Amino acid sequence: MTAPPNSSKFSATDLSNRSHCYFPEMQPISKERIDDRINFSRASGVPHWHASVEHGMVPLPHTRSQEKFMIKKRWGLALATAVVASLALSGCSPSASEPKGPVTLNYWDFLDPSQANPRSSALKENIAKFEEANPDIKINLSVVSLGDMLNRLPQAAAAGQAPDVFKMYTPVVPQMASAGVYSPLPDAASKVTDWLRPTDTLAGPDGKKVAVPYEYRTCALYYNQKILSQIGAAVPTTYDQVVDVARKAAAAGFTGFGTGFSDTDNSAIISTFFNCFMSQVDQDIWNKDGQADFATSKGNEFGEFLAKLRDAKALGSNVVSDTYGTVADGMASGTVAMAILGTERAVSFGKQNPDLKWTALPKASTGDTTGTTIGWTLGIGNGSKNTEAAWKFIEYMTGPEAGARMATGGEVPTRAATYEQPFFTSPEAKTVNDIAAYVKSNSEPRTYSTTWTALATGLSQAGQKLTLNGSSGSDFIRSAQDAANKK
């Protein structure tokens, strides 16, 4: 992927005219105190939480037209250097419950630092560097998958056993905040102002900010150049062309297009693709009342694309049970011709298989190649007695030094100051600079409702019906929408 001219890295000059912060509409909810704040139930193996906060306010999603009016496409804030948030300068002193002396922070992350891949190695080194610079703070890391986090965090918070710090997928932050799993960020967090995307929607029902962005990503089309050359196909630039190339690849014995309808990993691959596709065709996912509302002609195009792949026999034989990880493994091993995955895989794929390339999303019949800015965030667990140490860790992990190290694994840092680090002018940074430029120019943020897991599960279940029962593309979309709105 070649970066657009003059955009191989973020700079303060380049950031000055790209984005306005926006604030979600706030609607009052019941003032009645609910003794049991979390009504935890499971439907089809997926958790749903319902919570209310006394005198609380709930952010509701804007329509895409509102967002485009309120957010001009500038990338971040006009800061040339980092604004370093110091607890000493914040005027905050430890509360009576804040431990003094050595502190151990319990940290949940889905990445396993013992694994031999660039992202895991960067995480391991960042934690070691933080502990070295802060000898009184130790990090006790637990590797917890997103699905397990969604199950365990509400229960742990209700029992007063939430981790001090945890990583959370951006679309689920409002849902987890409504479930009461976060502590509000300390005042010191407001002193960091060079985020490259607005952070106002990373808030709880009371409007207080609960998380900050850890890394940015969006969707890209990955393809195996060797397979495409073997079948005499050019890189597709439209979704109709993707179907044609996938059909040829399948006839040659490959999986033409990799995706999956398993809900074991929070339906990560199909929900990520869906999220980006809805941005491409400028389709809102939720209406102003927070109800899923995407069963439209634009939304149907996503279901119809999947149905065309099914009819072309281009999906994997195990598509019903395939996950984000199994599709990524298929790409790396050379058995899958194409897939739409997150940009965080670009560096790893390049090292695993030199035939793997990536490019912009194909175009639908309407819209363009602009997907959704997604990623992961860091927040403090509800009830943590180590909030100052927790913020110190979060500030380090999202700061320039750790961000530059994280970028070696292909993840896009979230603060302007990070791109002033020497790494980003080195030849080794070319791929991550290209990814960062692509995320910058080919994605926009979205405001989320509190029903993301219900929607993600609905997409998986609808995909299973599409595969096993031969349902139509419009049935796929309607079924997923109904699942998101089910009480």
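Out of the range 136-150, which residues are within 19 Å of THR387 (Cβ to Cβ) and buried (at least 18 other Cβ atoms within 10 Å of the Cβ)?
ILE137, ILE139, LEU141
Among (1) over 30 Å from PHE349 (Cβ atoms); (2) open to solvent by 20 Å² or more (accessible area, probe 1.4 Å); (3) at pLDDT 95 or above; (4) in a helix (DSSP H, G or I), there is one condition LEU89 misses while meeting the rest; what is its number?
(3)
Which condition number does THR238 fail, the rest of (1) more than 30 Å from LYS308 (Cα to Cα); (2) more than 21 Å from the chain's Cα centre (by Cα); (3) not acidic (Asp, Glu) being met?
So THR238 meets the others, but not (1).
Looking only at the range 197-215, decide whether some residue is closer than 20 Å to SER317 by Cβ and at pLDDT 95 or above.
No, the conditions are met nowhere in the range 197-215.
Would you check which residues across the range 222-242 are buried (at least 22 other Cβ atoms within 10 Å of the Cβ) and of a type outside the set (Phe, Trp, Tyr) and list them?
ASN224, ILE227, VAL242
Collect the residues in the range 104-162 that are of a type in the set (D, E, K, R) and within 24 Å of GLN175 (Cβ to Cβ), keeping them in residue-number order.
ASP109, ASP148, ARG152
Suppose we filter the range 277-300 for residues that are over 20 Å from THR170 (Cβ atoms), in a helix (DSSP H, G or I) and in contact (Cβ under 8 Å) with a residue 60 or more places away in the chain; how many remain?
3
Of the residues ASN106, ASN117, which is open to solvent by 20 Å² or more (accessible area, probe 1.4 Å) and either at pLDDT below 95 or β-branched (Val, Ile, Thr) (or both)?
Just one listed residue meets the conditions, ASN117.
From the list GLY330, GLY290, GLY253, exactly one residue is modelled with pLDDT under 95 and surrounded by fewer than 22 Cβ atoms within 10 Å (Cβ to Cβ). Which is it?
GLY290
Exactly one of these conditions fails for LEU123: (1) open to solvent by less than 20 Å² (accessible area, probe 1.4 Å); (2) more than 22 Å from MET406 (Cα to Cα); (3) at pLDDT 95 or above. Give me its number.
It fails just one condition, (2).
Could you list, ordered by first residue, the pairs with Cβ atoms under 6 Å in which the first is in the range 249-262 and under 12 Å from LEU306 (Cβ atoms) and the second is small (Gly, Ala, Ser) and crowded, with 24+ Cβ neighbours inside 10 Å, at least 6 apart or interchain?
Close Cβ pairs satisfying both conditions: PHE257/ALA246; PHE257/ALA314; PHE261/SER460; PHE261/GLY463.
Considering ARG446, ARG415, ARG405, which residue is over 17 Å from the mean Cα position of the chain (by Cα) and not acidic (Asp, Glu)?
The unique qualifying residue is ARG405.
Please enumerate the residues belonging to the range 151-192 that are β-branched (Val, Ile, Thr), touching a strand residue (DSSP E or B) at 6+ places or on another chain (Cβ under 6 Å) and open to solvent by less than 20 Å² (accessible area, probe 1.4 Å).
Correct list: VAL165, VAL173.
Which residues, taken from the range 251-276, are assigned to a helix (DSSP H, G or I), touching a strand residue (DSSP E or B) at 6+ places or on another chain (Cβ under 8 Å) and of a type in the set (A, V, I, L, M, F, W, C)?
ILE269, PHE273, CYS276 - these are the residues of the range 251-276 that are assigned to a helix (DSSP H, G or I), touching a strand residue (DSSP E or B) at 6+ places or on another chain (Cβ under 8 Å) and of a type in the set (A, V, I, L, M, F, W, C).
Just wondering, is there one or more residues in the range 380-388 that are of a type in the set (Asp, Glu), within 29 Å of ALA162 (Cβ to Cβ) and open to solvent by 30 Å² or more (accessible area, probe 1.4 Å)?
Taking every residue of the range 380-388 in turn, at least one turns out to be of a type in the set (Asp, Glu), within 29 Å of ALA162 (Cβ to Cβ) and open to solvent by 30 Å² or more (accessible area, probe 1.4 Å).
Picking from VAL347, VAL320, which residue would you name as being open to solvent by 10 Å² or more (accessible area, probe 1.4 Å), within 18 Å of the chain's Cα centre (by Cα) and not charged (D, E, K, R)?
Going through VAL347, VAL320 in turn, the sole match is VAL347.
Is it fair to say ALA234 is farther than 30 Å from GLY379 by Cα, assigned to a loop (DSSP other than H, G, I, E, B) and either at pLDDT 95 or above or in contact with a helix residue (DSSP H, G or I) (Cβ under 9 Å, 6 or more places away or on another chain) (or both)?
Details: farther than 30 Å from GLY379 by Cα: yes; assigned to a loop (DSSP other than H, G, I, E, B): yes; either at pLDDT 95 or above or in contact with a helix residue (DSSP H, G or I) (Cβ under 9 Å, 6 or more places away or on another chain) (or both): yes.
Here the answer is yes, as ALA234 does meet what is asked.
The values are calculated or read from the model by the stated rules, or taken from the named source; none is laboratory data. Note that the structure is predicted; figures quoted are calculated from it, not measured. Glycine gets a Cβ as well: all are built from the backbone with ideal geometry, and neighbour counts include every protein chain shown. Areas reflect the complete protein model, heavy atoms only, side chains present, ligands, DNA and RNA absent. Shrake-Rupley method; radii C 1.70, N 1.55, O 1.52, S 1.80 Å.
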